[in-house]
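Since the structure comes first, as structure tokens, the remarks are kept for the end.
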Amino acid sequence: MIEPARAAFLLIDMQNGFIDGASPLCIAGAAATVPACAHALAAAREHGLAAFHVRRAYAVDGSDVEAARWETWAEGGRPLSAADPESLDCPPELSPAPGEPVITKPSWSAFFGTDLAATMRQQGIGTIVLAGTTTPNCVRSTAYDGLALGFNVAVLRDATSSRSPEAQEANLADMEAVGIQLIFTDDFAANGLLHIRDTEGEVARAVALERATQEKTEGATGAENAVARGPVATLPPTPALESVETISTGWINKYHLRYTLPDGRPYTYEGVSRKGPERYEAALEALGSTGAPDPDAVCIVPLLPDGSVLLEREFRYPLNSWCVSLPAGLIDAGESLEEAVARELSEETGYRLRDDIAPAVRPLPQPGFSSTGLTEENVQVVFAQVEAAGEARPDSAELIEPFTVARADLRAFLDANQLPIGTRCQLILELLAL
């Protein structure tokens, strides 16, 4: 999940000169979005994003007015200039709070001819969320420049506006096609940045891993070949796995892993896995060569339409105790990640994936390992948008009680909880409580 401190909310051109129906530069759909923009601005502040107010101001002589609109501007009273001061203002509910910068831009894009990009880089910001007007011009040009500058870009589709619904939808579709993420204001208000992907970070990590793998293959050792942008560094000498000995089999299989250490000494380690010998050896070989596993299981963070979190109280036999957990389970053979999520939700909770949000399932960039000192089993964590659908259908020996906690109550819930709780569940809830 993207940290709020590394994201910014940009409110673009929500000035009277573009909103007032009497202005020659009025955008037909802008006035109707004022409540949504106000809601988004309040949400950005609540979630801890930096807020920037981007505006246009023309010279009275028209020397910096775009040629395409100069005639309309000049004949219409020269709005958005000192000749019409009220047109420069914004509705009171969209006014900057103390300390929130106002960026005056000389053209369409908020980045063109301004220090906005440099300011955000200095603050460590890598993600921008856009609202305002007009979608085909200033919002779109800012969004495209944001992509070109390496920012994750999201647009609040119902807090932006165009001269017609057709122009609005066409421009939103074009932006989505090039990787600009579209979300609704209510989603942003309830969940903050939860449903905005860190695509720039994901690609940087993937490129770093590919470069590191290539360097390992080619035997590159020079510092000049180090990966600069990713978390992967040149690894020290690696023990060599010589053989895997099966000690016992069952639902859990026990193995002896026989290694040769880098200094030549033999070493035996005990490991366990749900996989049989052939699948286990294949999994270890794949991890040793690429480090990229196929997920064995899924852990679901289900979020309801009101932003609350769906949890479970489940009796876990190895603990001889009830515990707090997230819905989770093994991925069946031939099952896609989304199919596994839908099945586990239905069986354990009676909830289903929502069909009015796309995508309803957002996985973390890679699976995480359950216990690296014990097993190679790994789990893909996903955030899922869900809704109630019917009765749960757990197996006869599964004792599960679903319940929900409002996001605002997570801190109090975690502080008061006395039941055992899994580390993964605890960390995710702590993050959401922030």
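Would you please give the FRET efficiency between Leu149 and Glu387, computed as 1/(1 + (r/R0)^6) with r the Cβ-Cβ distance and R0 = 41 Å, to the nearest 0.05? Walk me through the numbers before you get to the answer.
Values: r = 37 Å, r/R0 = 0.91.
Taking R0 as 41 Å, the efficiency between Leu149 and Glu387 is 0.65.
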Open item on the list: Out of all DSSP beta bridges in the chain, what portion is antiparallel? Express it as a percent rounded to 5.
Closed with: 55
TODO: Report, for region 256-403, the % of DSSP beta bridges that are antiparallel, rounded to 5.
DONE: 75
Open item on the list: Shape verdict for region 303-434, please, from the Cα gyration tensor: rounded (a/c under 1.5), prolate (a/b greater than b/c) or oblate.
Closed with: rounded
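For region 1-81, what % of the accessible area comes from carbon and sulfur atoms, probe 1.4 Å?
53
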Open item on the list: Counting only other residues whose beta carbon sits under 14 Å from that of Glu314, what net charge do I get with K and R as +1, D and E as -1?
Closed with: -4
TODO: Add +1 for every Lys or Arg and -1 for every Asp or Glu among the other residues with Cβ under 14 Å from the Cβ of Tyr269, and state the total.
DONE: -1
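In terms of solvent-accessible area of protein heavy atoms at a 1.4 angstrom probe, what is the ranking of Trp73, Trp322, highest value first?
Trp322, Trp73
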Open item on the list: In whole percent, and with a 1.4 Å probe on the protein chains, what portion of the accessible area of region 361-434 is carbon and sulfur?
Closed with: 53
Open item on the list: Can you give me the distance in nm between label points at Tyr259 and Ala358, each placed 7 Å from the Cα along the Cα-to-Cβ direction?
Closed with: 4.7
Task: Packing-based order for 242-253, 130-141, using average beta carbon neighbours within 10 Å, highest first - done: 130-141, 242-253
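Measuring with a 1.4 Å probe in the full set of protein chains, what accessible area per residue, in whole Å², belongs to the chain?
Heavy-atom accessible area per residue stands at 50 Å².
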Open item on the list: What whole-number distance in Å separates the alpha-carbon centres of region 64-84 and region 121-150?
Closed with: 25
Task: Ranking by accessible area, most exposed first, for Trp70, Trp108 with a 1.4 Å probe - done: Trp70, Trp108
Task: Net charge over other residues, Cβ less than 11 angstrom from the Cβ of Ser81 (K, R count +1; D, E count -1) - done: -1
TODO: Enter the accessible area of His47 (Å², nearest 10), with the probe set to 1.4 Å and all protein chains included.
DONE: 50
- [ ] Just grab the label-to-label distance for Thr290 and Arg69, each label 7 Å out from Cα along the Cβ direction, in nm (one decimal).
- [x] 5.0
Task: Rg followed by Dmax, in Å, when the chain is reduced to its Cα trace - done: 26.7, 88
TODO: Run the quick spin-label model on Phe315 and Ala412: label points 7 Å from Cα toward the beta carbon, then report their separation in nm to one decimal.
DONE: 3.0
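The values are calculated or read from the model by the stated rules, or taken from the named source; none is laboratory data. Quick caveat: nothing in here was measured; it's all calculated off a predicted structure. For neighbour counting, all protein chains shown are included, and Cβ atoms are generated from backbone atoms with ideal geometry for every residue, glycine included. Ligands, DNA and RNA are excluded from the accessible area calculation, which covers all protein heavy atoms including side chains. Shrake-Rupley method; radii C 1.70, N 1.55, O 1.52, S 1.80 Å.
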